[in-house]
Amino acid sequence: MLEEVEHWLEHRSWSAADRPLNRLLAAKRNAGPAGTVSVVLPALDEEATVGPIVETIRRELMSEAVPLVDELVVVDSGSTDRTAEVAAEAGARVVHRDAVLPRLPAEPGKGEVLWRSLLVTGGEIVCFVDADLRAFSSSFVSGIVGPLLTEPDVQLVKAMYDRPLGADEKPPDDSLGPVEQGGRVTELVARPLLNLHWPRLAGFVQPLGGEYAVRRSLLEQLPFPVGYGVELAMLIDALDLAGLDALAQVDVGVRRHRHQDGQALGRMAATIYRTAQARLARGHLVRPVLTQFDRTDAGFTPTVHDVAAEERPPMATIPEYRARHTPHDGRVA
């Protein structure tokens, strides 16, 4: 198993710089309709960051000179701030989650938004980017789309990056020692689970990262947990469906974003565990609630949170999707 992972790391891990834009544009032209690219930003109360991300993608990847991205869609999952207005002003097409597949009441959660986005996008390559990134670089998109344009056997590409924990970090000074990294749920929950139960996925540097690109022919065959477990589920299910050699990762540098507090991380961790457990023993699920504690005047007060347990079926089974797309025949391209 270790040899397989090492081989995968050597042949399926790249840097964004390995594929310059001129090479990607040539590959896109040669690919024809199979090279169409949709970028999706799931967004909830991200008015401070969504605008610069949209502006950067439009300026650097959607110009007449560099037409790498064909459409850019922000899916708003119920923002109470100006996220939708800011995104539209910056040039994105904005769709509200509840307007997509209205016959099916929306569940709260990121996975729900990603699942519904397949109905309102048309690209054969779908690239997901979180809307809370700061100091955003367009290489987050071009880097992970690149292998899907140049490597016919690759189906899913995850971004990998440094993830400094502070909000306004500068490049690390070697004399000061290593910068403390974020990704606490990854290191404490997701990575141990993957190494213990899906060791073939042990080579992924950022298994829970929100930046990844996937062929539509694979996405439409995957179930989507509605909550935070969607990224873990996608890796595991893609491994089962397409095999390890169809998965890849690309180094895009440094990811800066808003970090969650300890209790939010606890809820995320519970969702990740539940998502993994569902795939290990369907029908024998852990109780999907999490009790956390806050100190109040009365002492430690418990609060019980539901752990996202709902999963949406593969999009290829949805009639409204089938009316717009010809779903894949069950074989991964």
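Nothing in this text is a laboratory measurement; each read-out follows from the coordinates by a stated rule. Values in this document were obtained by computation on a predicted structure and should not be read as measured data. Using ideal geometry, Cβ is built from the backbone for each residue, glycine included, and neighbour counts are taken over all protein chains shown.
A few comments on the model shown:
- Distant-in-sequence amide contacts of E46, defined by a placed amide H-H separation under 5 Å and a gap of 5 or more residues or a different chain, comprise T83.
- Under 5 Å between amide hydrogens, built in the peptide plane, is the criterion, and for M160 it picks out V250, D251, V252 among residues at least 5 positions away or on other chains.
- Here the gap between E71 and D306, fully extended at 0.36 nm per residue and compared with their Cα-Cα distance, gives a gain of 81.1 nm.
- FRET efficiency for the pair M1 and A99, taken as 1/(1 + (r/R0)^6) with r the Cβ-Cβ distance and R0 = 51 Å, rounds to 0.65.
- Shape call, segment 30-109: gyration tensor on alpha carbons, a/c limit 1.5: oblate
- Positive-end residue, segment 2-324 charge dipole about Cα centroid, Cβ charges, pick of G78, A31, T56: A31
- Once backbone amide H atoms are built at 1.01 Å from N, R312 has F224, V226 as its partners under 5 Å, excluding neighbours fewer than 5 places away on the same chain.
- Highest-fluctuation residue, A65, A309, A48 considered, GNM on the chain with Cα pairs under 10 Å: A65
- Cα shape, segment 2-324, gyration tensor, a/c 1.5 rule: rounded
- About the Cα centre, charge dipole magnitude for the chain (Lys/Arg +1, Asp/Glu -1 at Cβ), debye: 700 debye
- Of P314, P302, P42, the residue with the greatest mean-square motion in the GNM of the chain, using alpha carbon springs below 10 Å, is P302.
- Gain on full stretching of the segment that runs from N195 to A298 - 0.36 nm per residue minus C-alpha separation: 32.9 nm
- Between A281 and D240, the contour length at 0.36 nm per residue exceeds the Cα-Cα span by 13.2 nm.
- Cβ-based charge dipole, segment 2-324, positive-most Cα from I272, F224, I318: I318
- Contact order, relative form, for segment 100-158: 23 percent (alpha carbon pairs under 8 Å, 6 or more residues apart, mean separation divided by residue count).
- The chain: relative contact order in percent, alpha carbon pairs under 8 Å with at least 6 residues between: 21 percent
- Three-way shape label, segment 64-106, alpha-carbon gyration tensor, a/c 1.5: oblate
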